[in-house]
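Q: Okay, handing you the structure first.
The values are calculated or read from the model by the stated rules, or taken from the named source; none is laboratory data. Since we're looking at a predicted model, the values are computed, not measured. Glycine also receives a Cβ, built like all others from the backbone with ideal geometry; neighbour counts cover every protein chain displayed.
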């Protein structure tokens, strides 16, 4: 659909509010949110008043002399984003009509239930628990998780199933923390399944959090880790009070799983909960994308100068450089976890299974090794399926 300076533009109803640096624009019908600078919001408000495009372009050039203004290109971008309802009285076809997210999303959970776990007092409690857990670990180094903590039984199949079950339960609890937090704000949430690296994960869609101010959004992003601090504190308590109890092995797996996932949250080359908090605090909502561009530029034959980089990232120059450092640190953290936990665990499992297949154990050990191989193949197939599904969606 062609747009000209004489075109009459009708937008869908939009909600606009100021954020840290720019403005957040919500299109309520689809539930989509967009970040726009002041000049873009000014143009939208003038369109909503019914001003013609030629007058809008002239006014913007006068008010923003340092900006390049092309109102036709801007309107075409609005069309692509699905924000334009009519052009010259003709309905604009959107490729995919979405149902409003507010129609579903754990609305059966009452707001008061979410407020029990997420309020000003509990937020301080979670911080206190985090500090307490760090001190407990420092004072009791024997609680520091070991890669062999997952091997409770002689049966490798039972070991893997036990770990996967505990990990799955903890993932669900983590995501339910996000759901309770967003319901405490009387907003809907959506739960989906995906994968990060080799891990199968549940993911809570917190898109509706953009309705809130940045401080409240941080509570939603940290909600899962906050609930984990309760579990970790209770686990350490059981290990202190009942050091020789039979269930301490299960508790050790819980500590190991939460510990690894907490380190993983600091791997900023992925969009983790902590990454979103950093993005939210800085007001720079494309840190990862900018960081990748910055780091990639050093691999080219003709490296950009510092001046070129500053012009590229403008006022986000220092943030992008700092983020790039943490991006690299995140990669090293992943390698550290791999060499300290994952590779030793894998080596132990492969060695044990190989010896059992070769007859080092009894008949039960042999069939346990065969079942472990089948189990591993099924997990790999599931991971490949999820990866391909995610690629198709993208």
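Q: Need the failing condition index for residue 35 against (1) touching a residue at least 60 places away in the same chain (Cβ under 8 Å); (2) assigned to a strand (DSSP E or B); (3) touching a helix residue (DSSP H, G or I) at 6+ places or on another chain (Cβ under 7 Å), just the number.
A: Answer for residue 35: the failing condition is (3).
Q: What is the one condition in (1) touching a residue at least 12 places away in the same chain (Cβ under 8 Å); (2) farther than 25 Å from residue 336 by Cα that residue 108 does not satisfy?
A: Unmet condition: (1).
Q: Whether any residue in the stretch 221-229 is out of contact with any helix residue (DSSP H, G or I) (no Cβ under 7 Å at 6 or more places or on another chain) and crowded, with 18+ Cβ neighbours inside 10 Å is what I want to check.
A: Looking only at the stretch 221-229, we keep the residues that are out of contact with any helix residue (DSSP H, G or I) (no Cβ under 7 Å at 6 or more places or on another chain), and these are none.
There is no residue in the stretch 221-229 that is out of contact with any helix residue (DSSP H, G or I) (no Cβ under 7 Å at 6 or more places or on another chain) and crowded, with 18+ Cβ neighbours inside 10 Å.
Q: Examine the stretch 309-327 for a residue that is modelled with pLDDT of 90 or more, part of a helix (DSSP H, G or I) and more than 31 Å from the chain's Cα centre (by Cα), and state whether such a residue exists.
A: no
Q: Could you tell me whether any residue of the stretch 176-185 is touching a residue at least 24 places away in the same chain (Cβ under 8 Å), in contact with a helix residue (DSSP H, G or I) (Cβ under 9 Å, 6 or more places away or on another chain), exposed (fewer than 15 other Cβ atoms within 10 Å of the Cβ) and not in a helix (DSSP H, G or I)? Let's see the steps before the verdict.
A: From the stretch 176-185, those touching a residue at least 24 places away in the same chain (Cβ under 8 Å) are 176-185; that's our starting set.
Now drop any that are not in contact with a helix residue (DSSP H, G or I) (Cβ under 9 Å, 6 or more places away or on another chain), which leaves 176-185.
Keeping just the survivors that are exposed (fewer than 15 other Cβ atoms within 10 Å of the Cβ) gives none.
Looking for residues that are touching a residue at least 24 places away in the same chain (Cβ under 8 Å), in contact with a helix residue (DSSP H, G or I) (Cβ under 9 Å, 6 or more places away or on another chain), exposed (fewer than 15 other Cβ atoms within 10 Å of the Cβ) and not in a helix (DSSP H, G or I), one finds none in the stretch 176-185, hence no.
Q: Condition check: in a helix (DSSP H, G or I) and loosely packed, with under 13 Cβ neighbours inside 10 Å. Does residue 43 satisfy that? Steps first, answer last, please.
A: On the way: in a helix (DSSP H, G or I): yes; loosely packed, with under 13 Cβ neighbours inside 10 Å: no.
Criteria not met by residue 43.
Q: Further question on the same structure: Return the pairs, sorted by first residue and then second, in which the second residue is part of a strand (DSSP E or B) and modelled with pLDDT of 90 or more, the first residue lies in the stretch 66-95 and is assigned by TED's automatic domain parsing to the domain that holds residue 34 and farther than 14 Å from residue 7 by Cβ, the beta carbons are less than 8 Å apart, and the residues are 6+ apart or on different chains.
A: Note: pairs meeting the criteria are 83/11.
Q: Looking at (1) over 32 Å from the mean Cα position of the chain (by Cα); (2) crowded, with 18+ Cβ neighbours inside 10 Å; (3) free of Cβ contacts under 8 Å to residues at least 40 places away in the same chain, find the lone condition where residue 62 falls short.
A: (2)
Q: Take the stretch 78-112 and flag every residue that is exposed (fewer than 12 other Cβ atoms within 10 Å of the Cβ), at pLDDT 85 or above and either assigned to a helix (DSSP H, G or I) or at positive phi (or both).
A: Across the stretch 78-112, the qualifying residues are 80, 112.
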